[in-house]
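All remarks here apply to the structure that follows.
All of the numbers you see were taken from the coordinates with simple rules; none came from a lab. Computed from a predicted model, the values in this text were never measured in an experiment. Positions of Cβ are generated from backbone atoms using ideal geometry, with glycine treated the same way; all protein chains shown enter the neighbour counts.
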Amino acid sequence: MEPDIKLTKLADCAGCGAKVGAGVLAQLLEGLPVHRDPALLIGFDKSDDAAVYRLSDNLALVQTVDFFPPIADDPYLFGQIAAANALSDIYAMGGDPKLALNLLCVPKDMPDSAVHDILRGGYDKVYEAGAVIAGGHSIHDAEPKYGLCVTGLIHPDRVLSNAGAQAGDVLFLTKPLGAGILTTAAKADLCPADALAAAYSRMTVLNKGARDAMQGLRVHACTDVTGFGLLGHALELAQTSGVQLTLHTSAIAIPPEALALARMGLLPEGMYRNRRFAEHAVAAEQIELAVQDALYDPQTSGGLLIAVDPADADALAAALAQNAVPCAQRIGTAQQYAQGAHIILR
Amino acid sequence: MIDARGYSCPMPVVMVQKAVQKDAPASLEVLVDDPCAVENITRFAHNHGYQAAAQERDGGAFSLTLTKQP
């Protein structure tokens, strides 16, 4: 392999866009035996971000694993994004990451320096999160992949699942969308450099600040927005909570470059997959197709989607700003679900 | 006629974009075998003054006919 080869050219699909679709995943899991354990508070039957296992009345483990092919050409950047993305599942549950294990797949001829830089990116982010990498496992593979298995701790009464949203809740989103569209366009060298750099920079931001901001407030549900796109993850939250969500599209931060690229048809395959999965439950009314595309766009290391009690919405907005989550937006509300669409776009 | 078979997204739509920007043809035939490319080229066409009609061919390929709207 040439040392200057672009990492993203080695991958068929990038980042969380490589995720198996939600519909397919449900089929694959169907019929598998589910062994009940009363200590398993959240397992794979809940389509939540991480598993939660109660150890005692005031302590539970939160565990997740996440890995994917390169979303960036710079190995250090790729490592940082993969780690921020894996840690995010712990934050989305309200947990505190403590221990991480590397998962690494590398082509035999990949330069050692590139492999080292991927791992260094992971170590730096895990250290920033206040956790440690205790080891891992690496194998040879034609396509590079990196991620981590992360274990965190949480009080069992303070677990933020995606199933607790209530009518009246206010919805917040803590990072802009468009990552999948921008990185798809970058594969054809059609993404403006500054827009791509800004998207990468957002992907390296830990959701720790957003998690910290939620503490002490009446947050009823939370999930991180990754491969299924905002609407895929919002639909899971709405369905498992039994509510209907109204999203105000003008309040959702979408980089203008992502909208322009969507209008040019530079959309990742995962966007169409997410749309097919969720659109039956989304009333899009007169919303421009490119905006809808951005809402279905698969995100990598995306922000948190938070449903908070309306009485605490202002406090959450202030705490998010205080915790340096500058892109946090109030994007909608939850209502009682009666029938029809689970998500209304306005 | 553009043969974008064997190319995965986003390359087929980039090939169409280049052809449209160069010659602004009244009509353009495109062959693809990536279903995502059918949708992406249709998106591009509708936003750039073209109508797009897709037809499935044998062997998993699709032909798209782009026609410039008056």
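Given a 10 angstrom Cα cut-off, can you work out which residue in A:A315, A:A83, A:A163 is the most mobile in a GNM of chain A? Result for chain A, Cα springs under 10 Å: A:A315 fluctuates most. Test of understanding: extend the Cα→C-beta vector of A:A193 to 7 Å, then name every residue of segment A:42-76 with backbone N under 18 Å from that spot. Taking a point 7 Å out along Cα→Cβ of A:A193, the residues of segment A:42-76 whose backbone N falls under 18 Å are A:72-75. Phi angles of segment B:40-50 translate, via the Karplus equation with coefficients 6.51, -1.76, 1.60 and θ = phi - 60°, into HN-Hα couplings of 5, 5, 4, 4, 4, 4, 4, 8, 10, x, 10 Hz per residue; Gly and Pro are given as x. By the count of neighbouring beta-carbon atoms within 10 Å, fewest first, A:D293, A:D169 end up ordered A:D169, A:D293. Rg then Dmax, both in Å and based on the Cα atoms of segment B:2-68: 10.5, 31.
Label sites at A:H155 and A:A318, each approximated as a point 7 angstrom past Cα along Cα to Cβ, lie 2.2 nm apart.
Per residue of peptide B:13-26, the mean number of Cβ atoms on other chains within 10 Å of the residue Cβ is 2. Positive end of the charge dipole of the protein assembly as shown (Lys, Arg +1 and Asp, Glu -1 on Cβ, about the Cα centre): tell me which of A:L61, A:A238, A:N207 has its Cα farthest that way. It is A:A238, whose Cα lies furthest towards the positive end.
As a proxy for reagent exposure, A:V225, A:V325 were ordered by neighbouring Cβ count within 10 angstrom, fewest first; the result is A:V325, A:V225. If you sort the three axes of the alpha carbon gyration tensor as a ≥ b ≥ c, you get a/c of 1.5 or more for segment A:265-346 and a/b no higher than b/c, which makes it oblate. Classify segment A:7-158 as rounded, prolate or oblate from the Cα gyration tensor: take a ≥ b ≥ c as the square roots of its eigenvalues, call it rounded if a/c is under 1.5, otherwise prolate when a/b beats b/c and oblate if not. Taking the square roots of the gyration eigenvalues as a ≥ b ≥ c, segment A:7-158 is oblate. Peptides A:331-339, A:258-266 ordered by packing proxy, namely the average of other Cβ atoms within 10 Å per residue, highest first: A:258-266, A:331-339. Modelled spin-label separation between B:T65 and A:S113, with each label point placed 7 Å from Cα along the Cα-to-Cβ direction: 5.5 nm.
A compact globular protein would have a Cα radius of gyration near 2.2 N^0.38 Å; the ratio found for chain A is 0.94.
Comparing Cα centroids, segment A:100-120 and segment A:70-91 end up 13 angstrom apart. Rounded to the nearest 500, the helix-only mean residue ellipticity at 222 nm of chain A stands at -10500 deg cm²/dmol, with each DSSP H run of n ≥ 4 adding -39,500 (n - 2.57).
Counting, for every residue in A:264-274, the Cβ atoms of other protein chains within 10 Å of its Cβ and taking the mean gives 6. What separates the Cα centres of segment B:1-43 and segment A:266-287 is a distance of 22 Å. Using alpha carbons only, how many angstrom separate the centre of segment A:207-250 from the centre of segment A:142-178? First find each Cα centre; the distance between them is then 8 Å. Converting phi to 3J(HN,Hα) with the Karplus coefficients 6.51, -1.76 and 1.60 and the offset θ = phi - 60°, segment A:283-300 yields 9, 8, 6, 9, 6, 4, 4, 5, 5, 4, 4, 5, 6, 8, 5, x, 9, 10 Hz in sequence order, with x at every glycine or proline. The value obtained for segment A:84-175, namely the Cα convex hull volume divided by the number of residues, is 128 Å³ per residue. Restricting the calculation to Cα atoms, segment A:42-101 yields a radius of gyration followed by a Dmax of 13.4, 45 Å. Among the residues of B:40-47, the average count of other protein chain beta-carbon atoms within 10 Å of the residue beta-carbon is 5. Let me make sure I get this right: for segment A:170-345, a, b and c are the square roots of the gyration tensor eigenvalues over alpha carbons, sorted descending. Under 1.5 in a/c it's rounded, otherwise prolate if a/b > b/c, else oblate. Which is it? Note, shape of segment A:170-345 comes out oblate. By the count of other C-beta atoms within 10 Å, a proxy for reagent exposure, A:S138, A:S161 are ordered fewest to most as A:S138, A:S161. Exposed loop sites are taken as GluC sites (Glu not before Pro) in a DSSP loop (any state but H, G, I, E or B) with at most 13 other beta carbon atoms within 10 Å; the longest stretch of chain A without one runs A:31-284.
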